[in-house]
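Taking it in order: structure first as structure tokens, then the write-up.
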Amino acid sequence: HCRAHLARHEELISKSFQGSHGRAYLFNSVVNVGCGPAEQRLLLTGLHSVADIFCQSCKTTLGWKYEQAFESSQKYKEGKFIIEMSHMVKENGWD
């Protein structure tokens, strides 16, 4: 909403994730975001401990951080971030 910088293209892991409100991207790291308290949620890929992330500037909720995955096949997500596409403005030639 406020066009704050959130992530570098080099930090993008996957474009094929599902957020609460549609498609989402998975990132190694993000910037200019705050993190709420962790809570357990049953997501499409199983039970995870996640913390909502929000823009430091405008306080819009952007997605979440994977704190813990309870299934071994999902452990690669731990410490990674989901940003929903509906909250992103892609610049500099992102596809």
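The values are calculated or read from the model by the stated rules, or taken from the named source; none is laboratory data. The shown structure was predicted, so the numbers you read here are calculated from the model rather than taken from an experiment. Cβ placement follows ideal geometry from the backbone for every residue including glycine, while neighbour counts extend to all protein chains displayed. What goes into the accessible areas is simple: the full protein's heavy atoms, side chains included, and nothing from ligands, DNA or RNA. Shrake-Rupley method; radii C 1.70, N 1.55, O 1.52, S 1.80 Å.
Miscellaneous remarks
- Remark: F27 falls outside the filter, which requires a residue to be at pLDDT 95 or above, within 19 Å of S86 (Cβ to Cβ) and open to solvent by 50 Å² or more (accessible area, probe 1.4 Å).
- From the list H48, H1, the one residue that fits, being modelled with pLDDT under 95 and either in a loop (DSSP other than H, G, I, E, B) or crowded, with 16+ Cβ neighbours inside 10 Å (or both), is H1.
- Extreme residue, most open to solvent (accessible area, probe 1.4 Å), among residues of the stretch 53-84 that are in contact with a Gly (Cβ under 7 Å, 6 or more places away or on another chain) and within 14 Å of L6 (Cβ to Cβ): Q56
- Residues of the stretch 7-45 classified as in contact (Cβ under 8 Å) with a residue 60 or more places away in the chain and either part of a strand (DSSP E or B) or out of contact with any strand residue (DSSP E or B) (no Cβ under 6 Å at 6 or more places or on another chain) (or both), total: 9
- Residue within the stretch 70-89 that is on the phi < 0 side of the Ramachandran plot, of a type in the set (K, R), assigned to a loop (DSSP other than H, G, I, E, B) and out of contact with any Asp or Glu (no Cβ under 7 Å at 6 or more places or on another chain) present: yes
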